Amino acid sequence: MGMSYKISGKSIYLDANIFIYLLEGYAEYVPLLKQLFDLIDQRKLLAVTSELSLAETLVKPIADKNATLQAVYKSVIQTSDQLNAVPISREILIKAAQIRTQTLRLPDAIHLATAMISGCRVFLTNDKQLKKIEDIEVVLISEIKDLTINTQ
């Protein structure tokens, strides 16, 4: 992890892998994610994700019969004061179909469409393939070492 990154805007989109890194304790990302979630807890930043993140994050805990981790994901990935878990709507699906023409998988297109329709300027992920999208700033967590925010 190298650069400092300044988040612009008041909300940031969190891809499903961000929740996995945080909740399953990926050591190389925990310090940065702690910093991010401190900003979110202080209400300096609003986190946005799709409800699709819940389905994606539950796959391994269900396969492993890990009821504890399933419960953690279910409690974290839901709308709260700090997180807007956006339902998949017709509008999102239409936008996702447009994005999908850029040879992305449908789940990625749904995440990107959700971020764009929700007004996020930044999409935080670790999926390098998404960097080719130009309609939103895609930021790889592996490339940043610390965060600040610019809410203008």
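The values are calculated or read from the model by the stated rules, or taken from the named source; none is laboratory data. Quantities reported herein were computed from a predicted structural model and do not represent experimental measurements. Neighbour counts are summed over all protein chains in view; Cβ atoms, including those assigned to glycine, are modelled from backbone coordinates with ideal geometry.
Overview of values
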read-out	value
Filter result for the condition that a residue is out of contact with any strand residue (DSSP E or B) (no Cβ under 8 Å at 6 or more places or on another chain) and of a type outside the set (Phe, Trp, Tyr), over Thr125, Thr101, Thr114, Thr79	Thr101
Of all residues making up segment 88-127, the number that are within 12 Å of Asp15 (Cβ to Cβ), assigned to a helix (DSSP H, G or I) and not acidic (Asp, Glu)	6
Test for Ile136: is it of a type in the set (A, V, I, L, M), crowded, with 16+ Cβ neighbours inside 10 Å and closer than 12 Å to Ile12 by Cα	yes
Answer residue from segment 71-87, given it is polar (S, T, N, Q) and either outside any strand (DSSP E or B) or without any contact (Cβ under 8 Å) to a residue 60 or more places away in the chain (or both) and is farthest from Lys44 (Cα to Cα) among those	Ser75
Qualifying positions in segment 48-74 - touching a Phe, Trp or Tyr at 6+ places or on another chain (Cβ under 8 Å) and of a type outside the set (Val, Ile, Thr)	Ser53, Leu54, Leu58, Pro61, Tyr73
Candidate set from segment 42-70 (those that are under 16 Å from Leu23 (Cβ atoms), touching a strand residue (DSSP E or B) at 6+ places or on another chain (Cβ under 8 Å) and free of Cβ contacts under 8 Å to residues at least 40 places away in the same chain); member that is surrounded by the fewest Cβ atoms within 10 Å (Cβ to Cβ)	Leu54
Candidate set from segment 96-152 (those that are within 19 Å of Tyr29 (Cα to Cα) and polar (S, T, N, Q)); member that is modelled with the lowest pLDDT	Thr148
Residue within segment 81-93 that is more than 18 Å from Arg121 (Cα to Cα), buried (at least 18 other Cβ atoms within 10 Å of the Cβ) and not acidic (Asp, Glu) present	no
Failed criterion for Arg121 (all others in (1) touching a Gly at 6+ places or on another chain (Cβ under 8 Å); (2) surrounded by 19 or more Cβ atoms within 10 Å (Cβ to Cβ) hold)	(2)
Test: residue in segment 11-20 that is among the small types (Gly, Ala, Ser), surrounded by fewer than 21 Cβ atoms within 10 Å (Cβ to Cβ) and assigned to a loop (DSSP other than H, G, I, E, B)	no
